[in-house]
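Here is the structure we will look at, set down as structure tokens.
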Amino acid sequence: MSLHRSAILIVDDDPGVRDVVARCLQREHYRVLVAGGIVEARKQLAHDDVIIALVDITLANGESGLDLLNELHQSRPDVDVIMMTANSDVTSAVDALQKGAYDYLCKPFPFQVLAAAVKRAVDRNRFAERAQMLDQIDAQRAASEEHLQQFLMSLASVIDAKSRFTSQHSRRVSGLSRLLAEALGMSSDHCDLIALGGRLHDIGKIGTPDAILDKPGALTADEYGIIKEHPALGDELIAPIKDLAVLRPMIRWHHESLDGKGYPDGLPGHQVPNEAWVVKTADYWEAITSQRPYREPMALGKAVRVLRGESGSRIPAHIVETFIEAIQGHPLAVAPSAPTARPAVEADIDLARSVKVIRRSAAQLASLEGDRHQHSQQGGAGA
Ligand SMILES: [Fe+2]
Ligand SMILES: [Fe+2]
């Protein structure tokens, strides 16, 4: 409700008073409606966007402005009522205030007094309207945070339900990713995001047949081709949720490689963001140190040597070295001996906190993209 659309209703049985008050308010650029009695006032109120009513206490035909005040108080609490009264009727005016009138004016009133009273009421009305809008925005935000929490919960549950191996794998990758992010000195929000990215990095595997995931032997070229579809599939799955854009690089690019021979996009190494390197490293370590249906876990010393073999060729060297240092003596370095019973999703994801971090990061991302767009436009104009 904006001021130019909203109106002030004058209810007075004296046409002379209606006319003078209306002209005064129109000079102040208010939109004005008039009514001679309660029935006419009801019609105006039903068809127009009235925010203030100036109501004479004593109306013709035995009607009382106090009755209209009562009616408005019940049915239209958004309308602020200013009573108008003769000087001799101050007791009724005070009574009106007690019954919920916003203000009263004693006739005859100078124009400035009328204008000031109406302005106060309009300001109050607009303030109340703004407060109500903020309440609604807060309620909508809370509802959308709840939806996002439920969506994250569903994603994590889908991974858990896929197989005992994917459940244990994603939980350990999440822990190892956080460990590495912390060792790299990333902020606490960034570490939370990376832990969540690690937990969801293989979400695209819901499209990979169990027979391939759990195959107790070497994969054929075709089967390997199907496995390689999971990062792009996972990315497609979360792409429609705009707030989750901050997780997409970790889901889509955790199998990219420094030499540009990774998948699904074969990105040159310098285009792969740090978060994706962190999840890739944690993922790689988890895979070689855990039990699979077709092989035993690698011993720690051998796993360190194998990971170092990737350093500088497939994974940036400083990421590999920081990771190896961070896992020394850490319980996550070694996989549990066998897949255990699945803990609840909430055991390793603080959903409410995750949603708040995602929201903050999404806002930062939007502002970075805005800056980038502005810079590119400025650059284009200068070229
Ligand atoms: Fe993967
Ligand atoms: Fe993985």
So which helices (runs of 4 or more DSSP H) stay within segment 1-104 end to end and still have 2 or more residues that are touching a helix residue (DSSP H, G or I) at 6+ places or on another chain (Cβ under 8 Å) and without any contact (Cβ under 8 Å) to a residue 40 or more places away in the chain? 38-47, 65-75, 90-98
Can you spot a residue in segment 99-115 that is touching a Lys or Arg at 6+ places or on another chain (Cβ under 8 Å) and closer than 23 Å to residue 129 by Cβ? yes
Matching option when the condition is among the aromatic types (Phe, Trp, Tyr) and more than 13 Å from ligand 1 (Cβ to nearest atom), among 294, 224, 284: 294
Selection status of residue 262, within 16 Å of ligand 1 (Cβ to nearest atom), over 25 Å from the mean Cα position of the chain (by Cα), more than 23 Å from residue 144 (Cβ to Cβ) and surrounded by fewer than 16 Cβ atoms within 10 Å (Cβ to Cβ): no
Would you mind telling me which numbered condition in (1) modelled with pLDDT of 95 or more; (2) among the small types (Gly, Ala, Ser); (3) within 12 Å of ligand 1 (Cβ to nearest atom) residue 197 fails? (1)
Any chance you could count how many residues in segment 110-152 are of a type outside the set (A, V, I, L, M) and exposed (fewer than 14 other Cβ atoms within 10 Å of the Cβ)? 16
Given the criteria charged (D, E, K, R) and at pLDDT 75 or above, does residue 141 qualify? no
Requiring at least 3 residues that are free of Cβ contacts under 8 Å to residues at least 60 places away in the same chain and under 23 Å from residue 274 (Cβ atoms), the helices (runs of 4 or more DSSP H) wholly within segment 128-227 are 188-200
Per the filter on segment 243-259, residues closer than 16 Å to residue 196 by Cβ and more than 14 Å from ligand 2 (Cβ to nearest atom) are 243, 244, 245, 246, 247, 248, 249
Take segment 260-290 and flag every residue that is within 15 Å of ligand 2 (Cβ to nearest atom) and over 14 Å from residue 332 (Cα atoms). 262, 263, 264, 275, 276, 277, 278, 279, 280
Yes or no: residue 299 within 16 Å of ligand 2 (Cβ to nearest atom), out of contact with any Asp or Glu (no Cβ under 9 Å at 6 or more places or on another chain) and among the small types (Gly, Ala, Ser)? no
Cβ pairs under 9 Å, 6+ apart, first in segment 234-259 and farther than 18 Å from residue 319 by Cβ, second small (Gly, Ala, Ser) and assigned to a loop (DSSP other than H, G, I, E, B): 245/239; 248/239
Among the numbered criteria (1) under 44 Å from the mean Cα position of the chain (by Cα); (2) surrounded by fewer than 18 Cβ atoms within 10 Å (Cβ to Cβ); (3) at pLDDT below 90, which one does residue 102 miss? (2)
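The values are calculated or read from the model by the stated rules, or taken from the named source; none is laboratory data. Just so it is clear, the structure is predicted and the values come from calculations on it, not from any experiment. When we count neighbours, we look across all protein chains shown, and the Cβ atoms used for this are built from the backbone with ideal geometry, even at glycine.
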